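First comes the structure, then the notes that go with it.
The values are calculated or read from the model by the stated rules, or taken from the named source; none is laboratory data. Worth saying up front: this structure is predicted, and the values here are computed from it rather than measured. In this analysis, Cβ positions are derived from the backbone assuming ideal geometry, glycine residues included, and neighbour counts consider all displayed protein chains.
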Amino acid sequence: MRNEELGSRSNPMKKSLDEKLARIHADPSGAKDFILADAKDADMALGLGATGRSPEAHSGEGSYRSLQGYRDEIEQIVTQGLVDIMLMSAHTNEILTIQNRLFERSHVTPAARANDTTDIHVMRGSRSPGQPALPFRTATLDHIQCGHVGCAANERHLGANLGLYSITFQNDNVIDREALERYKEFRIEAEHKNFRHFLEVFDPNRPESVEASKLPDYINDAIVRTLAGVTSKGRPIFLKMVYHGPKAMEELVRYDPHLVVGILGGSAGTTYDAFKLLSEAKKYGARVALFGRKINNAENQLAFVRFLRWIADGEIAAEEAVKAYHGVLQQLGIKPLRSLNDDLVLQTNVMSYGGNGKVISVPAVKKADAKRTSKLTVAQAEPDFSKMTAAQKVAYHKARWDRILGN
């Protein structure tokens, strides 16, 4: 299809991201909205392993899902419609957004990784993840917006007009100054081209850069200092950062309620790691969660996303969601990666792409509390079965599984 034909089209669908951000800024303390993103941009970092294990792979094999299979999963999740943002590489954005028009009649917002600092160049055998992160950009804004250099004014809406910009502070004046200069250049270009962004702030990828006990304070101060000189037109629409626990999250949210804070997911871990991270971060003020590998490595991505959405919307507790997710896998005949008991364990989750970094700070749940939460959730969600006929019970359970599976 020619660009002229694409340019003449309009997108009638309102984007849930814009609607939620508007409500959050209109009432920062009262709005209940939560923004959920699937980060399918791992091909900008992990090489062949970005796509995840192939469903046909057997134990001991290193077979990965094909790039087409990876994009098929993106299409399914966008069609499901439970996330607000789909983050992709510039190339995948070109295929799905510009050429296939996947987002044209969807409330999901397409986004592309706008830069790729060197600490996320995680090739097999690479030493980059352990070296100081340096600023680098593969994609140009023109290529993200229209697929080629020199976009015409009527072409810029064809691709994504939202991008992820990433900074990894190192507590080093020379390295950090260079990173900030490159970020300034990006913001100026983005403002000229009406391109919005959200800002990812990684922890230093060298553990010795900042004393561990001071890391949450350092990152919060780095964010505030970075944005103090940025006026409204150039500011990120939200942040993406490591969750450093309740105190650090509440401190940042309290400082500026219009600084919308989002958390990154980190490594795959257990199902409970993902669900508990989301619920804890939300409890203490986070408004956005961007999960990449946690979704991509799930046994069933559509079911996993559905439970993330329910947790984000406060409809189910993390502990109960893990149990229900295993029930879905059983219903679908899918063998889980872990037993239910093992999947309810809160593990240490490394936050950096390369496998070295800081960890999520989420409290473990006491068994008594988990049991009580589970009972409350079930009591709130289920009707009085003693008063239902057999046909009504069958209809209820069918509707419940249809809802979980998105049928």
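Data overview
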item	result
Tally of residues being outside any strand (DSSP E or B), of a type in the set (V, I, T) and more than 27 Å from E155 (Cβ to Cβ) across the stretch 167-198	2
Residue that is farthest from D176 (Cα to Cα) [pool: residues in the stretch 199-218 that are assigned to a helix (DSSP H, G or I) and in contact with a Pro (Cβ under 9 Å, 6 or more places away or on another chain)]	L215
Condition check for Y325: in contact with an Asp or Glu (Cβ under 6 Å, 6 or more places away or on another chain) and farther than 22 Å from F169 by Cα	no
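Conditions (1) buried (at least 22 other Cβ atoms within 10 Å of the Cβ); (2) more than 30 Å from N300 (Cα to Cα); (3) modelled with pLDDT of 95 or more, marked per residue:
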residue: R196; (1), (2), (3): no, yes, yes
residue: P204; (1), (2), (3): yes, yes, no
residue: S213; (1), (2), (3): no, yes, no
residue: K240; (1), (2), (3): yes, no, yes
residue: V253; (1), (2), (3): no, yes, yes
